[in-house]
Amino acid sequence: MKNLIIENVKIVTPLGSESSKGDKMRDIYVEPEGCIIITGGTISYAGPMKGKPAVRPDEHYDTIDAKGNVALPGFVDSHTHLIFGGFRPDEFEWRLKGDSYMSIMERGGGIQSTVNATRDTSKEELKKKAQWFIDRMSEMGVTTVEAKSGYGLDSETEIKMLDAISELAGEPDQKVELIATFLGAHAVPKEYSGRTAEYVDLIINEMLPKVKGKAKCCDVFCEKNVFEVEDSRRLLEAAAAMGYSLKLHADEIITLGGAELSAELGALSADHLLHVSDEGVRRMAEAGVVATLLPLTAFALKEPFAPARKFIDAGAAVALATDLNPGSCFSGSIPLTIALACIYMGMSIEETITALTLNGAAALGMADKIGSLEAGKRGDVVILGCDNYHIIPYYVGMNCVQTTIYDGKIVARNK
């Protein structure tokens with residue numbers, strides 16, 4: 001049943017059908033005595049209880065009495081590496097002893113280690129592992145998840161990963177919407193070592209045509225000694241010509257110019273951005289590229305956090321995501337993401353809510369469909385276990401979500 005009435009609820013939501021930028025990220029609508037009506041999976045009303053419309057008597061609606069608790073839009077985790085084989089706890093130990101991310105890659109660990117495991121893992125096993133994470137995400141209020149490929153680095157395995165995402169998305173009782181991103185340019189595979197340009201040719205001429213229709217976006221790890229700016233530009237221009245929306249891993253390890261490239265190409269988002277230049281911040285803000293910041297990864301790698309305040313003060317749109325992956329950030333914790341954003345990145349709770357909802361949707365090109373509690377948008381709602389939304393960062397790293405609703409259906413309840 002996708003017809004649902006949520007009564008006596010405190011509605012807290014950004015508004016709009018595009019990203020919220022700069023100081024407008026703090027502008028959220030609060031209705032202390034609200035009602036949300038979801039009809040056929042779509043919000044048909046979100047406003048005061050006193051003004052709620054009558055529903056058709058011939059249509060059945062389930063009813064939730066929220067008892068004055070807060071309702072937020074469903075969270076959008078707009079950057080994850082959800083599909084992967086194997087685990088890498090040994091590398092976590094190496095990092096604790098002082099090894100850097102790039103030094104681990106150079107000794108055969110890192111992405112290549114997961115590539116080896118993913119190539120050897122069946123599609124069914126990849127789906128089973130991913131579903132476990134999806135279930136946990138749903139409990140934390142996530143209703144939309146971007147899932148990247150990128151642990152295949154050959155056509156066969158990249159297709160296997162994208163097919164796994166598609167099949168999971170098609171499950172009739174799925175708890176989240178899955179948005180697939182093609183990340184064949186995640187690393188240069190060992191069989192192409194020293195031949196980066198040839199591997200980019202392979203992606204352009206073979207992989208991009210084969211995965212067309214299986215992924216909405218094309219991403220690239222734009223980083224020194226991985227895919228530098230010129231190779232990244234060549235790949236993304238080819239992807240755009242084929243109809244892909246663009247995303248970049250940018251300026252994570254050093255200041256390289258990935259942010260500037262994202263603005264030049266009109267990407268949906270540039271992500272990570274720990275070492276973004278002031279010029280990159282300015283150009284992203286002017287171009288309307290969403291800055292997707294991943295505080296869990298900076299935390300796990302003991303790196304400086306991305307400059308959220310610089311982006312917001314420059315008038316840019318900031319999104320937050322978890323970067324769940326088996327190497328640099330083995331976590332999909334929304335509560336910890338929120339706490340880090342507020343405590344260490346200087347974001348207000350209002351900005352953080354916008355970053356995890358409307359701006360996360362904009363980072364996927366979906367702000368007109370999800371990301372706020374407004375008529376016409378999908379019925380994705382998170383009900384907290386209290387009446388004060390400021391509890392989210394205050395309850396540090398702990399989950400205060402009571403009920404998660406996706407597409408008008410209750411998909412998770414926490415005691």
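Say whether the condition of being modelled with pLDDT under 95 and surrounded by 14 or more Cβ atoms within 10 Å (Cβ to Cβ) is met by at least one residue in the stretch 45-56. Yes, some residue in the stretch 45-56 is modelled with pLDDT under 95 and surrounded by 14 or more Cβ atoms within 10 Å (Cβ to Cβ). Looking only at residues of the stretch 360-371 that are part of a helix (DSSP H, G or I) and more than 19 Å from residue 70 (Cβ to Cβ), we find that the one that is least open to solvent (accessible area, probe 1.4 Å) is 361.
Quick one: residue 132 ticks every box in (1) closer than 18 Å to residue 77 by Cα; (2) in contact (Cβ under 8 Å) with a residue 24 or more places away in the chain except a single one, so which number is it? Every condition holds for residue 132 apart from (2).
Looking only at the stretch 90-122, residues that are more than 22 Å from residue 302 (Cα to Cα), open to solvent by 30 Å² or more (accessible area, probe 1.4 Å) and part of a loop (DSSP other than H, G, I, E, B) come to 2 in all.
The number of residues in the stretch 54-81 that are among the β-branched types (Val, Ile, Thr) and outside any loop (DSSP other than H, G, I, E, B) comes to 4.
Which condition breaks for residue 410 when tested against (1) outside any loop (DSSP other than H, G, I, E, B); (2) open to solvent by less than 50 Å² (accessible area, probe 1.4 Å)? Unmet condition: (2). When the residues of the stretch 268-292 are filtered to those that are open to solvent by 10 Å² or more (accessible area, probe 1.4 Å) and under 19 Å from the mean Cα position of the chain (by Cα), the one that is farthest from residue 235 (Cα to Cα) is 274. Scanning the stretch 293-326 for residues being more than 19 Å from residue 363 (Cβ to Cβ), open to solvent by 10 Å² or more (accessible area, probe 1.4 Å) and in a loop (DSSP other than H, G, I, E, B) gives a total of 3.
Just give me the residues in the stretch 389-407 being open to solvent by less than 70 Å² (accessible area, probe 1.4 Å), more than 15 Å from residue 142 (Cβ to Cβ) and in contact (Cβ under 8 Å) with a residue 12 or more places away in the chain, in sequence order. Once the filter is applied, which keeps residues that are open to solvent by less than 70 Å² (accessible area, probe 1.4 Å), more than 15 Å from residue 142 (Cβ to Cβ) and in contact (Cβ under 8 Å) with a residue 12 or more places away in the chain, the stretch 389-407 yields 389, 393, 397. One residue stands out among those in the stretch 372-388 that are outside any strand (DSSP E or B) and open to solvent by 40 Å² or more (accessible area, probe 1.4 Å): the one that is nearest to residue 340 (Cα to Cα), which is 388.
If we scan the stretch 331-338, do we find a residue that is open to solvent by 10 Å² or more (accessible area, probe 1.4 Å), at pLDDT below 95 and part of a loop (DSSP other than H, G, I, E, B)? No, every residue in the stretch 331-338 fails to be open to solvent by 10 Å² or more (accessible area, probe 1.4 Å), at pLDDT below 95 and part of a loop (DSSP other than H, G, I, E, B). When restricted to residues that are under 24 Å from residue 363 (Cα atoms), touching a residue at least 40 places away in the same chain (Cβ under 8 Å) and open to solvent by 50 Å² or more (accessible area, probe 1.4 Å), the stretch 1-28 contains 7. Listed conditions (1) out of contact with any helix residue (DSSP H, G or I) (no Cβ under 7 Å at 6 or more places or on another chain); (2) closer than 17 Å to residue 115 by Cβ are all met by residue 190, apart from (1).
Of the residues in the stretch 31-43, at least one is in contact with a Lys or Arg (Cβ under 7 Å, 6 or more places away or on another chain), in a strand (DSSP E or B), at pLDDT 95 or above and open to solvent by 50 Å² or more (accessible area, probe 1.4 Å). Set side by side, the residues 260, 279 differ, and just one is in a helix (DSSP H, G or I), touching a Lys or Arg at 6+ places or on another chain (Cβ under 9 Å), touching a residue at least 12 places away in the same chain (Cβ under 8 Å) and farther than 21 Å from residue 331 by Cβ, which is 260.
The values are calculated or read from the model by the stated rules, or taken from the named source; none is laboratory data. What you see is a predicted model; the values in this text were computed from it and never measured. Using ideal geometry, Cβ is built from the backbone for each residue, glycine included, and neighbour counts are taken over all protein chains shown. What goes into the accessible areas is simple: the full protein's heavy atoms, side chains included, and nothing from ligands, DNA or RNA. Shrake-Rupley method; radii C 1.70, N 1.55, O 1.52, S 1.80 Å.
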